[in-house]
Amino acid sequence: MHPVHSPVVISPRYSVCAALVAVMLWSIAPLLAELARDTSPLQLTALTLLAGALATLPLSRRVNVAACRLRWQISVWLGLPLLIVGAVSSYYIGMRLAPAAEAALITYTWPVLFVLLSQWSRFGRLHIASVTGALIAFSGAALLLLPQALSGGFGGAASGYGLALLAACCWALYSWLGQVAPVPLTPLLPRLLMVACAVATCASLIVEGTFIMPQGEALLAGIALGLGPYGIAMVAWDKALRFGQASLVGSLAYGVPILAALLLVLAGVSVFDWRLPTAALLVVIGCLKASR
C-alpha cells in the first residue's frame, strides 16, 4: 500500500529544505547525548520523547486511522512507538558502551538500509548498485572496528556496536513505514511519542528502578534532544518523505555521519583519527551508490 499524497502540488525544494532541517538537527544528537551521559539511558529516552511530544503538539490533528486495515492500525499505534523507543534507547545505550563517534557512525548507516527496504517493497528485488553501495557503507563501519578486532576483541564495546546497529535498523523501518503508511504521520506524532514515552518510562522503572529527573546540563540536553532531533527533525523528515523522492531525500541524510563526527571531534568528545573521516566518507559514498 502506498501513502496518500496531498492533491496540492508541492515544490521539490520543500522536501529538500525539510530534509536538510532534519539532517542538521540529527547531526547534533550525538553531542547532546554525550552532555546527558550522567542520566541513565532509559530515563533519558523517556525525557527525550516527552519533550518531543510537547514540541510537536501544535501539529496534532485528527487522523482516521480506524478506517485503515487492522494491520496498519497495529503498525501505527504499536509498531511505530516500539520502533521509536528501540531506536532512541539503543542509540543512547550503545554510545555508553562503545566510543561515541564510532557508535554514532554505525547508527547513521540507516539511510542505506532505508533505501534497500524501499527498493524491495517497490520492485520486489534489489539492484546490484544498491547492494554494492551497502557493502561500501558497511566497509566504512568495519574500518572503525578493525583495530579492536585485531587487538584481541571488542570487550564491552561489542554490545555497544550491536545496539548502534539495532538503532539503525529501527530508524530504517520507521522511515519505511512513514513512506508507505496510508495516513500521514506528522499529525499523529505527538501521540506516538507520548505512547513511546510511556513505554520507555515503564521500562525504566522495571530495569533501572526509581525514576529520577535529570538535573542541570543533563536536563537541558535531554530537552534539547526532544525538541530538535526527536521532535522538529522527525516532523521535517516525515514531510520530506511524503512530498519528495525517497532516493533524493535519503541521499541528503548521508551527510549526517560526517557532520556528527566532526562536531564530536570539535567538542573534544572524540579524538581525531584518520579512520573516522575515512569511514564516514565510505558510508556517504556507499549510501549515494545505493540510492542511485
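Could you figure out which of (1) over 19 Å from residue 194 (Cβ atoms); (2) outside any helix (DSSP H, G or I); (3) among the hydrophobic types (A, V, I, L, M, F, W, C); (4) touching a residue at least 24 places away in the same chain (Cβ under 8 Å) isn't true of residue 129?
Single failed check for residue 129: (2).
Show the residue pairs that are 6+ apart or on different chains and have beta-carbon atoms under 9 Å apart, the first residue being within the stretch 253-279 and closer than 19 Å to residue 115 by Cβ and of a type in the set (Gly, Ala, Ser), the second being part of a loop (DSSP other than H, G, I, E, B) and open to solvent by less than 30 Å² (accessible area, probe 1.4 Å).
Here the result reads 253/108, each pair linking the stretch 253-279 to a residue that is part of a loop (DSSP other than H, G, I, E, B) and open to solvent by less than 30 Å² (accessible area, probe 1.4 Å).
Looking at the stretch 60-83, can you tell me whether even one residue there is under 16 Å from residue 218 (Cβ atoms) and modelled with pLDDT of 80 or more?
no
Kindly list the number of the only condition in (1) at pLDDT 85 or above; (2) among the hydroxyl-bearing types (Ser, Thr, Tyr); (3) outside any loop (DSSP other than H, G, I, E, B) that fails for residue 15.
Failing condition for residue 15: (1).
Quick one: which of 210, 278, 201 is polar (S, T, N, Q), open to solvent by 50 Å² or more (accessible area, probe 1.4 Å) and assigned to a helix (DSSP H, G or I)?
278
Out of all the residues in the stretch 77-114, which are open to solvent by 10 Å² or more (accessible area, probe 1.4 Å) and more than 29 Å from residue 269 (Cβ to Cβ)?
If the condition is that a residue be open to solvent by 10 Å² or more (accessible area, probe 1.4 Å) and more than 29 Å from residue 269 (Cβ to Cβ), then 77, 78, 79, 82 are the ones that fit.
Scan the stretch 186-206 and tell me whether some residue there is small (Gly, Ala, Ser) and farther than 28 Å from residue 71 by Cα.
Checked against the condition, which is being small (Gly, Ala, Ser) and farther than 28 Å from residue 71 by Cα, the stretch 186-206 yields at least one hit.
Report, by residue number, each residue of the stretch 150-178 that is touching a helix residue (DSSP H, G or I) at 6+ places or on another chain (Cβ under 9 Å) and either at pLDDT below 80 or part of a loop (DSSP other than H, G, I, E, B) (or both).
154, 155, 156, 157, 158
Whether any residue in the stretch 31-40 is part of a loop (DSSP other than H, G, I, E, B), open to solvent by less than 20 Å² (accessible area, probe 1.4 Å) and modelled with pLDDT of 85 or more is what I want to check.
Yes, there is a match, as at least one residue in the stretch 31-40 is part of a loop (DSSP other than H, G, I, E, B), open to solvent by less than 20 Å² (accessible area, probe 1.4 Å) and modelled with pLDDT of 85 or more.
Quick check on my filter: what residues within the stretch 47-83 are assigned to a helix (DSSP H, G or I), polar (S, T, N, Q) and over 30 Å from residue 215 (Cβ atoms)?
73, 75
The values are calculated or read from the model by the stated rules, or taken from the named source; none is laboratory data. Source: prediction; values computed, not measured. Cβ atoms come from the backbone with ideal geometry, glycine included; neighbour counts cover every protein chain shown. With ligands, DNA and RNA removed, areas are computed over all heavy atoms of the protein, side chains included. Shrake-Rupley method; radii C 1.70, N 1.55, O 1.52, S 1.80 Å.
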